[in-house]
Each structure stands twice: as C-alpha cells, then as structure tokens.
1. Can you tell which of Asp56, Asp72 is of a type in the set (D, E, K, R) and surrounded by 15 or more Cβ atoms within 10 Å (Cβ to Cβ)?
2. So Glu116 ticks every box in (1) more than 22 Å from Thr54 (Cβ to Cβ); (2) acidic (Asp, Glu); (3) not in a loop (DSSP other than H, G, I, E, B) but one. Which box is left unticked?
3. Quick check on this structure: which one of Ile210, Ile201 is assigned to a strand (DSSP E or B), more than 21 Å from Asp72 (Cβ to Cβ) and out of contact with any Gly (no Cβ under 8 Å at 6 or more places or on another chain)?
4. Out of the stretch 83-107, which residues are charged (D, E, K, R), in a helix (DSSP H, G or I) and touching a residue at least 12 places away in the same chain (Cβ under 8 Å)?
5. Say we look at the stretch 156-214 and pick out the residues that are farther than 19 Å from Ile101 by Cα and aromatic (Phe, Trp, Tyr); which of these is surrounded by the most Cβ atoms within 10 Å (Cβ to Cβ)?
6. Quick check, is Gln122 outside any strand (DSSP E or B) and surrounded by 15 or more Cβ atoms within 10 Å (Cβ to Cβ)?
7. Which members of the stretch 35-82 meet the condition of being more than 24 Å from Pro171 (Cβ to Cβ), hydrophobic (A, V, I, L, M, F, W, C), in contact with a strand residue (DSSP E or B) (Cβ under 8 Å, 6 or more places away or on another chain) and assigned to a loop (DSSP other than H, G, I, E, B)?
8. Please go through the stretch 129-165 and give me each residue that is without any contact (Cβ under 8 Å) to a residue 12 or more places away in the chain and either part of a loop (DSSP other than H, G, I, E, B) or under 21 Å from the mean Cα position of the chain (by Cα) (or both), ordered by number.
Amino acid sequence: MKHQKEIENLRQQYASEELRKSNVDENPVKQFSKWFNQAAEAAIIEPGAMIIATADKKGIPSLRTVLLKSFDMKGFIFFTNFTSKKAKDLLENPYAELLFIWKELERQIRISGHAEKIPRDQSEDYFKTRTYESKIGAWASSQSSIIPSREYLDKKYKEYIEKYPSEVPMPGYWGGLKLFPQKMEFWQGRKHRMHDRICYIKKEDRWEIIRLSP
C-alpha cells in the first residue's frame, strides 16, 4: 500500500464541455456518431477501442478490450474467434455492455443490449480487408485457450504461413458479433464532480431521453 496516499490525492477538474438534453440528438446512435467523429478528429489513439463486459450462465462477469469495426442505426459490430471466452459467454447469455472512454475529451459512453452473430458473408467481407498477417493470426491463435509457451504460438503462426502462402480463407470459427442497444448513456465530465449524464432508453420504436444524477 506504499502509494495509497498518492492515489487518494489524485484530483482532476473536468471543465471542457457540458451536456444537456436540449443539445443532444434524438437518436443515440447519431449522438454516438457525433462524439466518435470528434474523438477521431482529436487524434485519440484507437478511438474505436471499447471495453466489453459479458457474463456466463452463472452470472460471473468478464471484461476485456476489443475494437469497434463498424456501426449503423441498429447496432455495433466487432469481430472475434467464436471459441473465445467472450463469444462463449454471449452464446450462454447474450446480454452485454460496451464502454468507450475518451479521457482526453472527458467523455464516456456506455451501451448495453444483446449480441448476435452477423451473417457469414458480412464477416467474410470484413476478413478480406485484414492484412495478410492478421488473417494468419486468426488461424494460429485458438483464442483464450491455454498454450505451453510463446514458442508454441510462433510455431503455429509459421505453420499457417506455409499452409496459406498467399490467399487466406476465413476460419469457420471466426466472425462478427453485433450488439443491439437497448440503453445508451453519455457521460461528460464537469467541475466539482457534478458530471452530466444523459441516458437513452429504448421504448419499443422510440428512445426516451433522461438525465441521471452524477
């Protein structure tokens, strides 16, 4: 606990922007797009990096960071190995939450909903855009499985380079997942910990907009 006092004394005053119900878009995905573009323009490293929280059938939670690869008015897409922990969790319990944090802009976005696999042809279209090395990596890594050493992984990688020297097909166990939002919260840092929290809750075919206490 050597640095406990230093942690307790950390202070950051948030004061760059404000967020009001009157100045957000009626649709949360459009509001997300606005903030995402601003994060990209601010040259934030990996603005598409998001933490995804899943839980297995026992309700035990798990967190990890993945990359957002596309989104539309219906949901948010990322790609993974379907044998991974996150994919297995979502097959048992499709409900998940995403978290984007752009500390340079003093902003966070939380998105909760359920996830489903996207059609295979859409996954293949994206797989074709990946670099050759990343395609090989999808074959070499049995994501989340226990391996004996780094050398074992490197050996598998070389084996698949030999197997696929040019064209690399998409593995059958790999593809995209799409999270369909039911709730989206936008958090803007403000002075004195009096932060702005605007939340959208889906009500059938419309979004209700509410403000939450910080």
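1. Result of the check over Asp56, Asp72: Asp56.
2. (1)
3. Working: Ile201 fails: more than 21 Å from Asp72 (Cβ to Cβ).
Going through Ile210, Ile201 in turn, the sole match is Ile210.
4. Matches in the stretch 83-107: Lys85, Lys86, Lys88, Asp89, Glu92, Glu104.
5. Trp174
6. For Gln122, the condition - outside any strand (DSSP E or B) and surrounded by 15 or more Cβ atoms within 10 Å (Cβ to Cβ) - is met.
7. Result: Ala42, Ile44.
8. Listed by number, the residues that qualify are Thr129, Arg130, Thr131, Ser134, Ile146, Ile147, Pro148, Ser149, Pro165.
The values are calculated or read from the model by the stated rules, or taken from the named source; none is laboratory data. These numbers were taken from a predicted model, which means no experiment stands behind them. As a convention, Cβ positions derive from the backbone with ideal geometry for all residues, glycine included, and neighbour counts pool all protein chains shown.
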